[in-house]
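Asker: Structure provided below as structure tokens; questions to follow.
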Amino acid sequence: MENEPPFDDAGLFARLDELGLAHETVEHEALYTVEQSRALRGNLTGAHIKNLFLRDKKRRMWLVTVLEDREMDLKALRHRIGARGNLSFGNAELLMQHLGVIPGAVTPFSVINDREGNVTMVLDKALLEIDPVNAHPLRNDRTTAIAPQDLAGFLEAENHAPLVLDFDEE
């Protein structure tokens, strides 16, 4: 299992199809930031996201997926997710090792590559109320739209049922 190459977008699409989850993908220039995404995505409707790959001092890891314009207070978040000590961003090597993607291509779909279950998925509750959710399909030059309930179903099928947090709460 450990030596298997990470899934790519074709493998992801095959898995979504196998699960019977509808998805639609558009190609575009490579995007690395939320700002670039806003400028170049065109008229894609639905929820647009940002993804934070985080770790704590005990080397536990989280993938936090929230609405793209959500302000994140990492100090407050650490208490909500049970992190030990301060949260910091995982580096590119850790990201590739556990989620099989490069910076800029982080996506909730990348849990497909966390075969050991080392990363805890955290999902913004607001995303479950907007259809579709737009996410990179393991590469940052495409965007895949999926219904929120199908995204949740995918995460569960990949043994990464998300910790759903209401970030609109104080």
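Computed from the coordinates by the stated procedures, all read-outs in this text should not be read as laboratory data. Predicted model, so just to flag it, every value in this text is computed and none were measured. Cβ coordinates were reconstructed from backbone atoms using ideal geometry, including for glycine residues, and neighbour counts include every protein chain displayed.
Asker: Give me Leu99, Leu123, Leu44 ranked fewest to most by other Cβ atoms within 10 Å of their Cβ, as a rough exposure proxy. Write out the running numbers ahead of the final one.
Answerer: Details: Leu99 27, Leu123 24, Leu44 15.
If I rank by nearby Cβ atoms, fewest first, I get Leu44, Leu123, Leu99.
Asker: At a threshold of 8 angstrom on Cα-Cα distance, excluding pairs fewer than six apart, so keeping six or more, what relative contact order does the chain reach in percent? Numbers along the way, then the final one.
Answerer: Details: 300 pairs, mean separation 48.4, N = 170.
Contact order relative to length: 28 percent.
Asker: What ³J(HN,Hα) values, in whole Hz, does the Karplus curve 6.51 cos²θ - 1.76 cosθ + 1.60 give for region 99-105 when θ = phi - 60°, with x put for Gly and Pro?
Answerer: Result, ordered by residue: 10, x, 9, 9, x, x, 10 Hz.
Asker: Between Gly20, Gly46, Gly117, find the one with the highest GNM mean-square fluctuation for the chain; connect C-alpha pairs within less than 10 Å.
Answerer: Judging by the Gaussian network model, the answer is Gly20.
Asker: With 10 angstrom as the radius, rank His28, His48 by how many other C-beta atoms surround their C-beta, starting from the fewest. Could you put the intermediate results ahead of the total?
Answerer: On the way: His28 15, His48 19.
Least crowded to most crowded, the residues run His28, His48.
Asker: If you don't mind, there's one more thing I want to ask. Running a GNM on the chain with Cα contacts under 10 Å, which residue among Arg142, Arg59, Arg80 ends up with the highest mean-square fluctuation?
Answerer: Largest GNM mean-square fluctuation: Arg80.
Asker: For semi-axes √(5λ) of the Cα gyration tensor in Å, several values are listed as (i) 22, 19, 16; (ii) 51, 16, 13; (iii) 35, 16, 12; flag the one computed from this structure.
Answerer: (i)
Asker: Please compute the length gained on full extension between Asp131 and Arg59, using 0.36 nm multiplied by the number of residues separating them and subtracting their Cα-Cα distance. Intermediate values should be presented prior to the final figure.
Answerer: On the way: separation 72, 0.36 × 72 = 25.92 nm, distance 3.39 nm.
Between Asp131 and Arg59, full extension yields an extra 22.5 nm.
Asker: For a quick check, take a GNM of the chain with Cα springs below 10 Å and name the residue from Asn51, Asn118, Asn43 with the largest mean-square fluctuation.
Answerer: Highest fluctuation of the listed residues: Asn43.
Asker: I've got another one for you. Can you spot the lysines whose alpha carbon is less than 22 Å from Lys125's alpha carbon? Ignore those fewer than 8 places along the same chain.
Answerer: Lys50, Lys75
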